[in-house]
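Before any comments, here is the structure.
The values are calculated or read from the model by the stated rules, or taken from the named source; none is laboratory data. Bear in mind the structure is a predicted one, so any value in this text is a computation, not a measurement. When we count neighbours, we look across all protein chains shown, and the Cβ atoms used for this are built from the backbone with ideal geometry, even at glycine.
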Amino acid sequence: MKTPAARPAVKVGLSQAGAVATALLLATLVWLPLLHLLFRPQLDQFYAERGLPSKARAIAAHQLALCSNTAARAGEIATMRRSNAEWDFMGRTYLVLALANMGLRQPEDKKAYLLIMDQLIEETIRLEQSHGVYYFLMDYAKAGIFRAQPQRSLFQDGEIAVMLAARRLLEEKPSYQPLLTRRVATLVAQMRQSPVLCGESYPDECWMFCNVLALDALRMADALDGTDHAPLLRDWVALARRKLVDPTTGLLVASFTFEGQPTQGPEGSSIWMVAHGLQIVDPAFAADQYQRSKRDLARRVLGFGYAREWPVSWRGQPDVDSGPVIPLLDISAGSSGLALVGASAFRDRDYLSALLTSLTYGGFPILRHGQLRYAAGNQVGDAVLLYAMVLGPLWAEVEKRGARQP
């Protein structure tokens with residue numbers, strides 16, 4: 001039997017619950033916009049015009065320790081290769097590029113960096129020679145035939161050439177000169193067979209990321225050895241502007257056929273590095289691509305910065321490069337990580353700070369004994385972060401050694 005007091009008691013309980021819910025809602029509305037302040041790092045820990053920022057030193061310490069620990073490195077590589085053999089390869093490239101920049105920033109530490117660079121370069125070439133062209137490629141590469149002959153992957157040749165050139169720009173090594181010359185000749189031969197001057201990374205599959213790094217290798221070789229690939233670079237840019245740009249966004253597409261037919265539209269996991277790579281090829285085009293990327297892909301929510309994988313006008317499918325894409329906000333780990341490279345390269349301190357805030361919040365940094373890694377990523381992810389923190393001097397060295405032809 002209900003008592004007369006029961007109904008008022010329920011009302012009082014509901015009223016109290018409503019008051020608590022309202023208070024929680026108001027508190028959330030107050031503190032949520034301030035949450036990013038708890039994770040926003042001091043920018044000078046990650047970014048510096050000169051010298052090495054403290055976080056870069058800590059990430060480098062972990063990367064160098066990994067290189068000297070055979071068992072730990074083998075385990076890390078095996079884990080990456082189970083997901084994507086390309087990560088094993090690109091982790092080497094980004095670390096060599098980072099070390100070249102670090103050596104130019106801190107010449108007193110150059111000797112230690114050169115030893116690691118040589119270890120990585122020579123091991124990479126040895127693996128390529130012993131296992132063949134498919135070792136650093138995903139398995140589907142074996143299902144087709146490369147259009148350009150002989151069968152080569154521009155992805156592999158381009159990044160090995162960039163590593164060789166970066167090492168020589170930090171300090172000359174005579175035995176690497178003929179190796180670079182041969183790689184450059186291979187790149188040029190591959191690219192000239194295509195109607196759009198682009199080489200294949202996979203059979204009948206050209207990737208913009210790989211082709212721009214190949215252009216960087218040619219530019220670096222010119223600075224080192226006095227060769228002149230300026231006409232090829234100029235023709236490449238002209239063709240890319242006409243045939244390889246998405247008409248809606250003006251961004252370079254991510255992938256296309258040997259004949260130049262786009263197969264993927266613009267992608268964040270490609271375009272940020274593409275814009276940076278173009279800085280030593282065509283600075284105006286590079287700046288244009290960065291600004292367009294920022295307009296269509298850069299986002300921030302409540303002070304946290306991130307990057308979309310695709311512009312609103314085009315939707316692709318998540319893959320190993322993009323990583324999982326979080327719905328609604330369309331947050332891409334791959335695009336957001338490489339956006340750090342873009343923001344640093346173009347000295348976009350505001351966007352860089354917002355991206356680093358998200359990294360500090362969601363990257364799960366682990367700092368032990370002066371060594372920093374991010375639990376949310378892997379070796380290649382940390383190498384990309386390190387490169388983003390130290391890039392600049394290597395491209396400046398290229399510009400200093402050889403004037404770009406008009």
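Among the residues of region 372-391, is any at pLDDT below 90, surrounded by fewer than 24 Cβ atoms within 10 Å (Cβ to Cβ), of a type outside the set (S, T, N, Q) and part of a helix (DSSP H, G or I)?
no
Out of all the residues in region 155-206, which are surrounded by fewer than 22 Cβ atoms within 10 Å (Cβ to Cβ), of a type in the set (Ser, Thr, Tyr) and closer than 23 Å to Val237 by Cα?
Answer for region 155-206, where residues must be surrounded by fewer than 22 Cβ atoms within 10 Å (Cβ to Cβ), of a type in the set (Ser, Thr, Tyr) and closer than 23 Å to Val237 by Cα: Thr181, Thr186, Ser194, Tyr202.
So which of Arg315, Arg242, Arg295, Arg299 ends up being surrounded by fewer than 24 Cβ atoms within 10 Å (Cβ to Cβ), of a type in the set (Lys, Arg), free of Cβ contacts under 8 Å to residues at least 60 places away in the same chain and in contact with a Phe, Trp or Tyr (Cβ under 9 Å, 6 or more places away or on another chain)?
The conditions single out Arg299.
Within region 362-375, track down each residue that is under 17 Å from the mean Cα position of the chain (by Cα) and without any contact (Cβ under 8 Å) to a residue 40 or more places away in the chain.
If the condition is that a residue be under 17 Å from the mean Cα position of the chain (by Cα) and without any contact (Cβ under 8 Å) to a residue 40 or more places away in the chain, then Gly363, Tyr374 are the ones that fit.
Residue by residue through region 193-236, note down the ones that are under 24 Å from Pro178 (Cβ atoms), outside any helix (DSSP H, G or I) and not charged (D, E, K, R).
Answer for region 193-236, where residues must be under 24 Å from Pro178 (Cβ atoms), outside any helix (DSSP H, G or I) and not charged (D, E, K, R): Gln193, Gly199, Gly226, Thr227, His229.
Which count do you get for residues in region 247-286 that are assigned to a helix (DSSP H, G or I) and over 23 Å from Ala166 (Cβ atoms)?
Summing the residues that are assigned to a helix (DSSP H, G or I) and over 23 Å from Ala166 (Cβ atoms) in region 247-286 gives 2.
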